[in-house]
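J.: Let me give you the structure first, and then I'll get to my questions.
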Amino acid sequence: QVQLVESGGGSVQAGGSLRLSCAAFGYSYSPYCMGWFRQAPGKEREGVAIYHDGGSTYYADSVNGRFTISQDNEQNTLYLEMNSLKPADTAMYYCAAAHTLLGGNCSPNYYAMNYWGKGTLVTVSS
């Protein structure tokens, strides 16, 4: 059973930085695809950044240049480095992973992901 556990959320002033972590347990599928999504109150969950073992990454236009997705060498922890945070970044951030045998694919779309963490809250104040 795949389990994803996020950490690192919190409250920060605009312009500050946070690093989110996602510990992945039981995710040994290939191709590897994990990413970060976020959902603000009253908004749909949106893809923020995707990491693929083929070397490709995706960033939403709203975070491109400010956020960086990465993975440790053992491929068991996913990170999201968030810099120059804005109040608009305030949301619950979710770690997600795709499993092709379950119909998933490596796309920045909610419906492409098969596994989800419970989320970590990021609040950015002005």
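The values are calculated or read from the model by the stated rules, or taken from the named source; none is laboratory data. Here the structure is a predicted model, which is why all the values come from computation and not from measurement. Backbone-built Cβ (ideal geometry, glycine too); neighbour counts: all protein chains shown. Just so you know, the surface numbers come from the protein's heavy atoms only, side chains and all, with ligands and any DNA or RNA stripped out. Shrake-Rupley method; radii C 1.70, N 1.55, O 1.52, S 1.80 Å.
J.: Among (1) farther than 23 Å from Gln1 by Cβ; (2) open to solvent by 60 Å² or more (accessible area, probe 1.4 Å); (3) of a type outside the set (Gly, Ala, Ser), which single condition is Phe67 missing?
T.: (2)
J.: Follow-up question, since we're still on this one. How many residues are open to solvent by 20 Å² or more (accessible area, probe 1.4 Å), in contact (Cβ under 8 Å) with a residue 40 or more places away in the chain and farther than 18 Å from Glu81 by Cα if we restrict to region 26-53?
T.: Qualifying residue count, region 26-53: 7.
J.: Testing Ala14 on (1) within 14 Å of Val122 (Cβ to Cβ); (2) more than 15 Å from the chain's Cα centre (by Cα); (3) open to solvent by 60 Å² or more (accessible area, probe 1.4 Å), one condition comes back false. Which one is that?
T.: Condition not satisfied by Ala14: (3).
J.: Oh, and also: I'd like the residue in region 80-126 that is open to solvent by 70 Å² or more (accessible area, probe 1.4 Å) and in contact with a Pro (Cβ under 8 Å, 6 or more places away or on another chain) and, out of all such residues, is farthest from Gly65 (Cα to Cα).
T.: So, considering only residues that are open to solvent by 70 Å² or more (accessible area, probe 1.4 Å) and in contact with a Pro (Cβ under 8 Å, 6 or more places away or on another chain), the one farthest from Gly65 (Cα to Cα) is Thr100.
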